[in-house]
Structures are given as C-alpha cells and as structure tokens.
1. What nm distance separates the two modelled labels at THR551 and THR208, each placed 7 Å from Cα along Cα→Cβ?
2. Give me the accessible area of THR591, 1.4 Å probe, in Å² rounded to the nearest 10.
3. Between ASP490 and ALA566, what is the FRET efficiency for a Förster distance of 25 Å, r being their Cβ-Cβ separation, to the nearest 0.05?
4. Taking 0.36 nm per residue of sequence separation and subtracting the Cα-Cα distance, how much length would be gained by fully extending the chain between GLU185 and ASN264, in nm to one decimal?
5. For region 300-385, what is the Kirkwood estimate of the hydrodynamic radius, computed as the reciprocal of the mean inverse distance between distinct Cα atoms, to one decimal in Å?
6. Between PHE413 and residues 5 or more places away or on another chain, which pairs have amide H atoms under 5 Å apart, with H built 1.01 Å from N, and which residues are they?
7. Under the 0.36 nm per residue contour assumption, what length would be gained going from the current alpha-carbon distance of ALA379 and ILE226 to full extension?
8. Counting only the backbone N, which residues of region 447-490 are under 15 Å from the spot 7 Å out from the Cα of PHE542 toward its beta-carbon?
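The values are calculated or read from the model by the stated rules, or taken from the named source; none is laboratory data. Nothing here was measured: the structure is a model prediction, and the numbers come from that model. No Cβ is skipped: glycine too gets one built from the backbone with ideal geometry, and neighbour counts run over all protein chains shown. The area values use the complete protein model at the heavy-atom level, side chains included, leaving out ligands, DNA and RNA. Shrake-Rupley method; radii C 1.70, N 1.55, O 1.52, S 1.80 Å.
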Amino acid sequence: MVIPLCAGQKQAIAQEMDCQEDDFFPRFGYHGGDRHSQTGLAPGNSLSSTKAGRCLIMKRIFFISVAVAAILLMAPARLTAAIDILVDDRYDSSGFFAPGSDARNTLEVAISFFEALLDDDLTAIESDSTNRFDIHLLQPDTIQWVTIEDFDVPADTLFLFVGALDLPGTTLGAAGPGRWDSPSEDQEWLDNATTRGQGTVADTTGDTAIDFAPWGGIMTIDSGTIWNYRASEMPDQGETDLYTVFLHELGHLLGIGLSDSWKNLLEDESFIGTHSMAVHGGPVPLQPVIKKHWAGGTTSQIYGGSLSQEVSMAPSVNKGDRKLYTDLDVAGLDDIGWDTKRPAIWEPAGDGAYGDLANWSIGEKPTTDDIVCFDGNGAHTVSFSAEESVCRVFIEKADVTLDLGGNRFTVDFLEAMDPGATLTIQNGTLQLRSYASLTHHESLRVGNGGMLQLDGVVNNTVVLGEGGTLTGTGTIKGSVTGSGCVSPGDSVGTLKVEGDCASDRIFIELAGTTQDVNYDLLSVDGLCWLDNELEIVLQDGFVPSLGDQFTIIQYGDRSGVFNTLAGISLPNGLILMPDYGPNAVTLWATTIGDVTFDGLVDMDDARVLAEHWLQTTAGPFLQGDLNGDGFVDDLDASILAANWGTEPLQPAVPEPSALLLALGALATWRFRPRRATNSAANCDLG
C-alpha cells in the first residue's frame with residue numbers, strides 16, 4: 001500500500017529515486033554462480049500527505065526477487081474470483097509475456113491460484129476532473145521509473161505490469177507493489193484510495209498498519225535464465241521453474257516482505273504474526289538481515305494437504321525443483337491483512353454425496369473457485385447429482401472414485417498426493433482444463449461409462465476400463481492401457497501419448513483435410529497397438545474426395561492392423577483405406593485396389609503390385625500391400641482381382657463388414673498377437 005503524495009512533491013520523489021538507484025539490486029551473497037537461486041532487494045520511497053499538505057518521506061521496499069513455489073491450478077479462462085489480478089503488458093518490449101505464449105499462460109495459472117485463495121473486497125479508485133489518481137512504477141523492462149496519470153482501478157482488482165530483462169547476478173525475478181500520488185484535496189477520496197475499504201489510513205499504512213490494500217504493482221523476470229515455461233509440466237534438471245518464480249513473486253506483490261503490516265510483525269529476525277505462529281508452532285525464523293522471506297529450510301504442509309515441503313516464500317529454489325504454496329505461506333498473507341479461503345475437506349471416511357453439506361469441513365458445498373481435498377485413509381466413493389466445477393482438487397491418502405452420475409466435473413488442477421493413491425472416474429465426464437496437471441498418482445482409471453476430457457497433462461499411466469473414454473487435446477506423460485476408447489480432440493484436435501497406447505477402440509472425426517484443425521490426430525511416441533476397432537465419423541457435412549489423405553495416428557512403432565473398420569464407406573462410392581506406414585496410419589479416399597488414385601482398378605494398379613512383388617513394403621498401401629500385412633503377394637493380388645474394373649459411384653465397393661471378412665481370411669499378420677479385447681466396449685461421444 002502506498003499513500004498519496006502531495007501535489008508538488010514529484011520532483012523530490014524523482015530525486016530520491018535517483019539517489020537510491022544502486023539499492024534496487026544490492027550485492028547480497030547468492031548461492032553459487034549459476035541461475036538457480038535469488039535474493040534481490042529493491043528499496044524505494046513513498047511519500048504521505050495530509051489535506052494540509054504535510055509530506056513525510058518514508059523508506060519503503062518496492063520490490064524483491066527470489067525463486068520458489070508450486071504446481072497448482074487453473075486455466076487462462078478464469079472462474080469467478082473475489083479478487084481479479086489483471087496483467088498489463090504494455091512495457092513488455094521483448095514479448096516475453098505475449099498473449100498466448102507459454103510464459104503468459106503460466107502466469108495466468110499462477111494468478112488463478114491467488115484469485116481462488118483471496119476473499120477480500122477492495123473498493124474502486126476512479127479518477128475524475130478533480131480527483132486524479134497517478135500511479136508510479138518501475139518500468140519492468142527497463143527498471144526506470146514511469147508515471148501513468150489518470151489511472152482507474154476497478155473494485156476488487158489489482159493490476160500487474162510485466163516485462164523481462166537480463167537481471168544481474170543470479171536474480172530470477174523481481175516484484176512488488178506500486179506507488180501513487182494525487183493533487184486531490186478531497187480527503188474522503190484520498191482515504192479511499194489509500195485504504196480501498198480495508199479500515200482506516202492508520203490500519204493500512206505506517207507503524208500501526210494491520211492490513212494491506214495496493215492498487216497493484218510490477219513483475220520483472222530474468223530473460224537470461226533457462227526456464228521451464230509450462231505450469232503443467234515439471235522442470236527438467238537443467239531448467240528453473242517459471243511457475244515457481246511467478247507464485248513467489250506474486251506473494252511479494254501481495255505484500256509478503258514488503259508491506260507495513262509485514263514490517264510491524266517483525267521481532268529481531270523472526271515473524272510473530274498470529275496465524276503464522278499457529279502454523280509454525282512459534283515465531284517463524286526469517287532470512288537474516290533482509291527479513292523479506294521465511295528462512296531457508298523452513299518447511300510446512302502443502303496448502304490443502306498434509307505432505308510437507310520447503311515453503312514457497314523461502315529465499316531460493318534449485319534447478320529442476322517445483323514447490324507448492326504451503327500453509328505457512330498462506331498464513332503470512334492472513335497476518336498482513338488478506339482474507340483467505342480455507343480448503344473444503346471431504347470429511348466422511350467412506351462414501352457420500354458431493355452435494356451433502358455435512359460431508360464438507362466448510363459446512364457447505366464447494367463452489368467454482370474453491371480448493372477441495374479428499375483426505376483420510378481408506379477408499380471413498382463420491383457421488384454427484386449435478387454439474388460441478390472447482391479450481392483445484394487434492395487426493396491424499398485415499399483411493400477415490402468419482403461417480404459422476406452422468407454429469408461433468410470440471411477441475412482446473414488435480415493432484416493425487418499419495419503416490420499409491422488411485423483415482424477412478426465413472427458414469428460421467430471429468431474435465432481437466434488447459435494447464436491442469438495430474439501427477440504423483442499410482443494410476444488414473446477411467447471406466448464404467450466414465451470419460452476423462454484432458455486438455456492439460458497427466459504425468460502417469462491412464463487405465464481405461466470397460467466403457468471408459470479418453471478424449472481431449474492434452475498430453476499423457478505415461479502410457480494408455482486397458483480397454484475402452486481413445487478419442488483425440490475436443491471435437492477435432494490432437495491427443496498426445498508419450499508412452500505406449502493400447503485400447504479397444506480409436507474414434508476419429510473428419511471435418512476437412514487439415515490435420516489438428518479439422519481432423520483428429522492421435523500422437524504416440526511409443527508403441528501403438530492397432531489390433532482394435534477404428535471408427536470414422538464425418539463432421540459438418542464433409543465428404544472426402546478421391547485421393548484425399550488423412551494421417552490420423554503417428555507412432556514410434558506399431559503392433560497389428562485394425563481388426564474392425566467402421567464408418568469408412570463414403571457417400572460418393574469411395575472408401576477410406578488405411579495405409580500402415582512405418583510411423584503413421586494414413587487414410588486414403590479411394591476404391592479398393594486403386595493404389596494410383598485414378599478412380600479405376602486396372603492395369604496401372606497391377607503394375608504397382610508387380611513392381612513390388614514379394615517385397616517387404618515401406619509404404620504399404622501405395623506399393624500394393626492391400627491387406628496391410630507388410631508384404632506384397634498373392635493375397636494382395638486376390639483383392640485386386642476381386643475389385644477389378646471398380647470405379648467410384650458404382651456398386652462394386654463391398655460393405656466394410658464384407659471387406660474385413662475377406663481381409664481377415666486372407667491376411668497373415670506379421671506383428672505380435674492381438675491383446676484380448678472387449679467387443680462390447682462403448683464410447684458415448686454424444
């Protein structure tokens with residue numbers, strides 16, 4: 001919180017800033033010489049004024065840097081929040097925070113954690129002809145002071161100006177609240193701008209401050225660090241986690257280490273806030289001398305859970321690490337005046353209804369911006385009777401079944417804390433939004449009519465039970481196994497599996513000829529089992545033309561060919577013929593046996609077979625391997641002969657079932673035996 005300057009004191013401020021320039025990044029000792037820890041200090045000044053014109057220059061900390069924090073929740077599409085933190089990138093000259101970039105999306109995810117956590121009410125600050133609100137901030141891409149006049153701040157809103165710069169030493173980032181002044185003589189207006197409804201001026205500034213009410217501030221991120229830019233992915237050993245740094249720096253924006261209400265709770269080198277001492281069990285040790293962070297090595301339980309880690313607001317982070325916000329970090333926000341929400345904890349030891357208020361520690365059903373924890377030992381079945389949406393779900397020390405009752409449960413972040421915990425989805429859809437992450441679980445099981453709509457990341461194996469469906473545009477860091485259906489895309493799109501992939505059914509939608517834009521792609525880095533059913537559905541009136549091709553599956557290796565084809569007959573008399581390449585399956589719109597795509601099955605096609613006779617083919621269908629067994633022989637010649645003279649729009653194209661019977665009788669598979677499948681698997685995509 002920065003209180004207003006007297007009119008006419010701006011020159012004095014500028015002079016004071018200039019003389020303090022060296023203080024923005026003082027030379028404190030850092031851990032080593034590489035960019036894996038940080039401690040920056042940036043003192044500035046603020047002036048206070050009264051209606052009579054008295055001005056008091058006060059030393060204030062403006063911003064600081066460190067690295068730490070968490071993998072948490074939410075997608076750029078915001079849910080309802082008590083406090084909105086709005087990003088302003090007008091000073092992001094390098095484009096580090098460009099809209100749609102990984103850095104910007106990850107910042108939005110970090111912001112969403114605090115929007116879900118904070119429960120304050122801040123009044124608006126509005127400039128007019130007599131009451132002008134002028135903000136002062138260090139331009140985040142130059143670290144030079146800049147003023148924006150006649151600035152308006154809506155109610156319940158904080159502004160965050162962002163940028164990137166090659167910061168000195170091992171500094172990873174810098175952030176803190178901004179300053180302001182006004183020529184106004186309206187004391188009521190000035191008091192509102194100072195307090196934003198958080199008590200009196202004495203409550204929010206100076207030696208008596210117990211609360212904090214900024215208009216916002218800045219964040220500068222080092223442009224020379226090797227970053228992990230994605231909130232949904234853990235950093236590699238050589239990367240520094242940007243999401244971790246964002247969460248830490250946003251803590252400073254909210255006043256940890258910098259506000260008057262923080263400084264008023266310092267005693268020697270400890271912090272004596274009531275909430276923080278209750279969590280820690282006594283005064284909390286601080287980083288020596290600077291006193292803007294918890295002491296290194298201080299641990300606390302992860303917020304919403306019971307596992308422990310080093311606190312987020314400690315003064316350093318190692319490459320390859322990610323730290324979650326903890327109970328102590330949240331208690332620090334409580335102590336400096338922020339109102340925070342408590343997690344909604346599932347109380348029953350066994351089964352129960354999600355909508356039953358008695359099952360929740362908060363005594364009410366969680367809402368869209370709540371954090372939920374399914375705690376306790378044993379196994380829980382949580383039943384749903386309506387569409388629900390929450391920010392973040394922790395599953396801890398329990399096996400949890402979400403029986404969705406045909407409904408959708410939308411989650412922005414989901415984490416199973418116990419490595420042995422199992423999450424099962426049944427009878428409805430669990431939707432993980434973009435930048436959500438599911439980690440640290442034994443397995444995620446989808447079955448009994450359940451659907452996982454994944455637009456984020458699952459870091460381990462997904463097990464598809466009978467009737468289970470995996471869909472979306474996200475990434476599976478592990479493998480997909482079991483039965484069930486794999487259906488890439490939200491309508492159309494790409495689903496990525498970094499391990500192996502096996503299912504009873506693959507469902508592909510075609511609405512045009514551009515991959516990932518209007519037809520689906522299943523991308524598998526490992527081994528993809530194709531001895532299953534492929535179902536093709538045309539969308540938006542699209543009908544492929546002769547010679548159109550669709551690469552629908554990519555893989556590192558494959559096993560088998562499809563044993564069932566559905567939806568491959570086209571209204572114009574063509575057929576979608578699968579071509580099993582070394583690293584992809586491509587569908588060709590053709591007639592059976594027409595490998596030259598001239599619309600006829602004739603001598604030109606026979607010549608292709610002759611040229612590759614008794615050869616192992618690299619591009620099977622195009623080289624005459626009509627049954628997909630990897631070899632051109634008399635079996636392929638028999639298929640060619642059976643369709644000799646066939647043209648489009650003539651009735652010589654057999655039904656898919658007849659085709660598969662013929663191919664099944666002729667084919668000699670050269671891949672590993674097919675897994676046992678369940679022909680009754682249901683994939684309800686309606």
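1. Going from the THR551 label point to the THR208 one covers 7.1 nm.
2. Ignoring ligands and nucleic acids, THR591 comes out at about 0 Å².
3. The computed FRET efficiency comes out at 0.70.
4. Numbers: separation 79, 0.36 × 79 = 28.44 nm, distance 2.93 nm.
Contour length minus Cα-Cα distance gives 25.5 nm.
5. 14.7
6. MET74, ARG392, VAL393
7. Here the segment from ALA379 to ILE226 would lengthen by 50.9 nm.
8. Answer for this model: 488-490.
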